[in-house]
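Trainee: Encoded as structure tokens, here's the structure I'll be asking about.
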Amino acid sequence: MKKAILLGVVGLCILQTSIAQPLSGDKLKARLRENLALAQSQYKLLHANIPADRMPQNYDIKTGTMKTSDVTWWCSGFFPGTLWYLFEYGKDKEIRAIAETRLRQMEPMKHYTGNHDLGFMMYCSFGNAYRITGNPAYKTTIDTAAMSLATRYRPQIQSIQSWDSSKNFRCAVIVDNMMNLELLMWAAAHGGSPRLREIAITHANTTMERHFRPDNAAFHVLDYTLGEGGRLLRKTTWQGYSDSSAWSRGQAWALYGYSSMYRLSGDRRYLDQARKLAAFILDHPRLPKDGIPYWDFDAPTIPNTLRDASAGSILASAFLEMSGQVKGREGDRYLRAAENILTTLSTDTYLAAPGTNGGFLLKHSVGALPLKGEVDVALTYADYYFVEAMMRYLAR
Ligand code: GLY
């Protein structure tokens, strides 16, 4: 037992001390090309490991356990989405065939209204597929999915309801929901109802008004009543350390969500929200030097707790977007932050060795530590945003 505890502590120390000198420019690009070559072989393996009617959910490298999901799981679109990015990069016919197969699995979900995650599920998958192929059938699917998501808009709280009511929440709106707005904005901008854009803008404005702490970090969950004119009951958490803590992936979703809403709307208030949050993250004394956050900025056991590679991936992609949205030293700061994360994720600490990790690319993400779910595992969205960030960097 003592030996196990010692090994655990040593493991954490290794994660904390494997800080590589950040790469940049051509050297980093060369490294990212190697990573993307690895990703293509890993994703063929991942496909082979997952039954045709399932999707990958997570992989625990310590026990060698693969968990799969059905297509209603909020992460089901990331596997096909990553495959489309990899096809866009490598033009490998086998990857394209796998991407098409995995995309077909998602198609019936265009009618799904059981949660707010249609953006993750249908835009990361079909959005990329349509952007890359121009297949009009994919656009029809995206349009239908946007209409399905819009059914969850609740005018009394000026927000999209994230989860159906349960014993835990009456009407939860989680900050992650900022990530689902691009589906609505895209559909409205490509011939869909202007109402879809109005819903996205209203949701983003409500979130900006109510979801942030005075220090600019985001709360995870706001819970409302649906009757009584939609009363805010409490600001709380589901996956974070405490109700008022700064859950790292929530910060990453908010940063990414507001920088993309600025791109999609041109409203500078969204960029300013993202900039304030970027300052919170980058100036935070508990952000490790290598750029990969602990799972919660307020976890009391820092530094003896887990990092979340998924938060790192999402942040890297968002910082790259922001580096093109602001000029001068601030833009450079975001670029350096993204380079730092990409360099760290490219080390053996985080990147899978070929043929390992069940076929996932990254190790060491944390899904929901307080719920003891998906702790220190490979996750589909860590890979998706890592691959996206690498593609963004290579396109510079
Ligand atoms: N959207 C759920 C999560 O980030 O875990």
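Trainee: Is it the case that segment 230-242 has a residue that's within 16 Å of the ligand (Cβ to nearest atom) and farther than 21 Å from residue 115 by Cα?
Mentor: The answer is yes, given that some residue of segment 230-242 is within 16 Å of the ligand (Cβ to nearest atom) and farther than 21 Å from residue 115 by Cα.
Trainee: Still on this structure, I have one more. Scan segment 59-77 and report the pairs whose first residue is within 14 Å of the ligand (Cβ to nearest atom) and whose second residue is of a type in the set (Lys, Arg), with Cβ atoms within less than 9 Å and a gap of 6+ or a chain change.
Mentor: Pairs that qualify, where the first residue is within 14 Å of the ligand (Cβ to nearest atom) and the partner is of a type in the set (Lys, Arg), are 69/54.
Trainee: Checking residue 171 against (1) at positive phi; (2) surrounded by 15 or more Cβ atoms within 10 Å (Cβ to Cβ): exactly one of these is not met. Which one?
Mentor: That leaves (1) as the condition not met.
Trainee: In segment 243-266, how many residues are more than 20 Å from residue 197 (Cα to Cα) and open to solvent by 40 Å² or more (accessible area, probe 1.4 Å)?
Mentor: Number of matching residues: 2.
Trainee: While we're on this one: So the check is Cβ under 7 Å with 6+ separation or different chains; which pairs have a first residue in segment 119-130 that's of a type in the set (Phe, Trp, Tyr) and a second one that's within 15 Å of the ligand (Cβ to nearest atom) and open to solvent by 10 Å² or more (accessible area, probe 1.4 Å)?
Mentor: Partner pairs satisfying both residue conditions: 120/74; 120/179; 123/182.
Trainee: Name the one entry in 130, 123 that is more than 15 Å from the ligand (Cβ to nearest atom) and part of a helix (DSSP H, G or I).
Mentor: Checking each option against the conditions leaves just 130.
Trainee: In segment 291-309, what residues are under 20 Å from residue 59 (Cα atoms) and in a loop (DSSP other than H, G, I, E, B)?
Mentor: 292, 295, 305, 306, 308, listed by residue number.
Trainee: Moving on. Could you please find all residues in segment 370-396 being over 17 Å from the mean Cα position of the chain (by Cα) and on the phi > 0 side of the Ramachandran plot?
Mentor: Selection gives 372 alone.
Trainee: Do we have any residue at all in segment 205-214 that's within 16 Å of the ligand (Cβ to nearest atom) and under 29 Å from residue 186 (Cα atoms)?
Mentor: Yes.
Trainee: Give me the helices (runs of 4 or more DSSP H) completely within segment 172-274, filtered to those with at least 3 residues that are in contact with a Pro (Cβ under 9 Å, 6 or more places away or on another chain), ordered by residue number.
Mentor: 248-265
The values are calculated or read from the model by the stated rules, or taken from the named source; none is laboratory data. All of these numbers come straight from a predicted model, not from anything done at the bench. With ideal geometry, Cβ positions are generated from the backbone for all residues, glycine too; neighbour counts draw on all protein chains shown. Surface accessibility is based on the protein's heavy atoms, side chains included, excluding ligands, DNA and RNA. Shrake-Rupley method; radii C 1.70, N 1.55, O 1.52, S 1.80 Å.
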